[in-house]
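Have a look at the structure below before the remarks.
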């Protein structure tokens, strides 16, 4: 009997995606991770370009009455565009993008259904942009931990204790520098 070598892939470098962030990678060694309550994370990948990214947004869109705040990175309307632009800059083609959506829980009874609004916004955005949604785990009242391998487009999502979900603390600080191209 002969012994066979077993190939063990190198351990992934785990990178936490925080509220208000969008990160993209073409490295097979990187894995994005985040914990969500009412927030939504979008995981996008291009299977041919082998590039992927994740965002983590707190709220869908600023209220109609909000003016003069500039761009607030906590809103999905900004982070979805930012994620797509970063993907395109790394060689992705929009028509090949595939999406996963996670989060959107309504964590506290008796409060506004922020999670439901976030989930609906994310679905509508992908539909409007003609990005194929291949998997979602949205709604309910459980916090989730999401681990995403951007190059492979593989995701693991599991429920976690509600106390692990990040606190909702939107900071009203306009971004300066950089550009976002709105489609």
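The values are calculated or read from the model by the stated rules, or taken from the named source; none is laboratory data. Owing to the predicted nature of the structure, the values given are computational and were not obtained by experimental measurement. Neighbour counts run over all protein chains shown; Cβ positions are idealised from the backbone, glycine included.
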Are there any pairs with C-beta distances below 9 angstrom linking a residue in region 40-67 that is on the phi > 0 side of the Ramachandran plot and modelled with pLDDT of 95 or more to a residue that is crowded, with 24+ Cβ neighbours inside 10 Å and assigned to a loop (DSSP other than H, G, I, E, B), with the two at least 6 apart or on different chains, and if so which?
50/150
Result of the Cβ filter at 8 Å on region 91-119, keeping first residues that are on the phi > 0 side of the Ramachandran plot and partners that are part of a loop (DSSP other than H, G, I, E, B), at least 6 apart or interchain, is 91/26; 91/49; 103/37; 103/38; 103/39; 104/38; 104/39; 104/139
Output for region 17-26, where each listed residue is more than 9 Å from the chain's Cα centre (by Cα) and modelled with pLDDT of 95 or more:
24, 25, 26
Does region 83-106 contain any residue that is modelled with pLDDT under 90, outside any loop (DSSP other than H, G, I, E, B) and out of contact with any helix residue (DSSP H, G or I) (no Cβ under 6 Å at 6 or more places or on another chain)?
no
